[in-house]
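Asker: The following block contains the structure, expressed as C-alpha cells.
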Amino acid sequence: MNQDETYEAGMTVRRQVLGDAHVDRTAGNVNAFNGDFQHFITRYAWGEVWTRPELARRERSLITLAMLIALNREEEFRMHVRAALHNGVTVAEIKEVLLQSGIYCGLPAANGAYHAAERVFVELGIDFK
C-alpha cells in the first residue's frame, strides 16, 4: 500500500477501535502544529500495526493496556480501556491485566490503573462491583 492507502486503512481501524466520536474530536483539534503527528499516528500505529493479522484486536488491546500501565499514561490508558471493551475485552479480563501489572509494573502503577479503569466503567455505566 502507498501512504495514502495506509492512512485510509489506519483511519478505518482507528474509527472501529476508538469510535467515531473520539476520532472526530481528535480530527477537530488538528492544526498546523500537530497535523503531521496525527497523520503519522493514523498511518503508522493504526494503518501499519493495528491492521496486522497476527494478533486480534482484543489481544492488541490487552497488550496495549499492560504497556500503558507500565508507562503510567493514564489518559491514554483510559482511552484504551474504552477501546478494549469495544474490542470484546471483558471487565474481568481488564481486572486480570491490572492484577498482573501489579507484579510486573509495580503496585503504584496498578493502583492508579485500577482507579482510572473504574472511572471509565462508571462513565460508561458498567456495573463492576
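Asker: Hey, any hits in region 60-79 for a residue that's among the basic types (Lys, Arg) and within 26 Å of Asp4 (Cβ to Cβ)?
Answerer: Keep residues of region 60-79 that are among the basic types (Lys, Arg), which gives 60, 73, 78.
Now restrict to residues that are within 26 Å of Asp4 (Cβ to Cβ): 60.
Yes, because at least one residue in region 60-79 is among the basic types (Lys, Arg) and within 26 Å of Asp4 (Cβ to Cβ).
Asker: Moving to a separate point now. Go over the candidates Ala92, Ala113, Ala83 one by one and state the one that is more than 30 Å from Gln3 (Cβ to Cβ) and under 14 Å from the mean Cα position of the chain (by Cα).
Answerer: Exactly one of Ala92, Ala113, Ala83 is more than 30 Å from Gln3 (Cβ to Cβ) and under 14 Å from the mean Cα position of the chain (by Cα), namely Ala113.
Asker: Could you please give the count of residues in region 22-77 that are more than 15 Å from Ser101 (Cβ to Cβ) and either in contact with a Leu (Cβ under 7 Å, 6 or more places away or on another chain) or not in a loop (DSSP other than H, G, I, E, B) (or both)?
Answerer: Step one: filter region 22-77 for residues more than 15 Å from Ser101 (Cβ to Cβ), giving 22-60, 75.
In the following step, the residues that additionally are either in contact with a Leu (Cβ under 7 Å, 6 or more places away or on another chain) or not in a loop (DSSP other than H, G, I, E, B) (or both) were identified as 22-28, 35-49, 57-60, 75.
Residues flagged as more than 15 Å from Ser101 (Cβ to Cβ) and either in contact with a Leu (Cβ under 7 Å, 6 or more places away or on another chain) or not in a loop (DSSP other than H, G, I, E, B) (or both) within region 22-77 amount to 27.
Asker: Residues to consider are Ala27, Ala9, Ala45; find the one that is under 12 Å from the mean Cα position of the chain (by Cα) and either surrounded by 14 or more Cβ atoms within 10 Å (Cβ to Cβ) or outside the structural domain of Met79 (by TED's automatic domain parsing) (or both).
Answerer: Numbers: Ala27 fails: under 12 Å from the mean Cα position of the chain (by Cα); Ala9 fails: under 12 Å from the mean Cα position of the chain (by Cα).
After applying the criteria, what remains is Ala45.
Asker: Of the residues that make up region 120-129, is at least one surrounded by 16 or more Cβ atoms within 10 Å (Cβ to Cβ) and either farther than 30 Å from Thr6 by Cα or at pLDDT 95 or above (or both)?
Answerer: yes
Asker: Then there's this: Pick out the one residue from Glu54, Glu74 that is touching a Gly at 6+ places or on another chain (Cβ under 8 Å) and either acidic (Asp, Glu) or under 20 Å from Ala116 (Cβ atoms) (or both).
Answerer: Within the list Glu54, Glu74, the selection yields Glu74.
The values are calculated or read from the model by the stated rules, or taken from the named source; none is laboratory data. Keep in mind that what you see is a predicted model, and the values were worked out from it rather than measured. Using ideal geometry, Cβ is built from the backbone for each residue, glycine included, and neighbour counts are taken over all protein chains shown.
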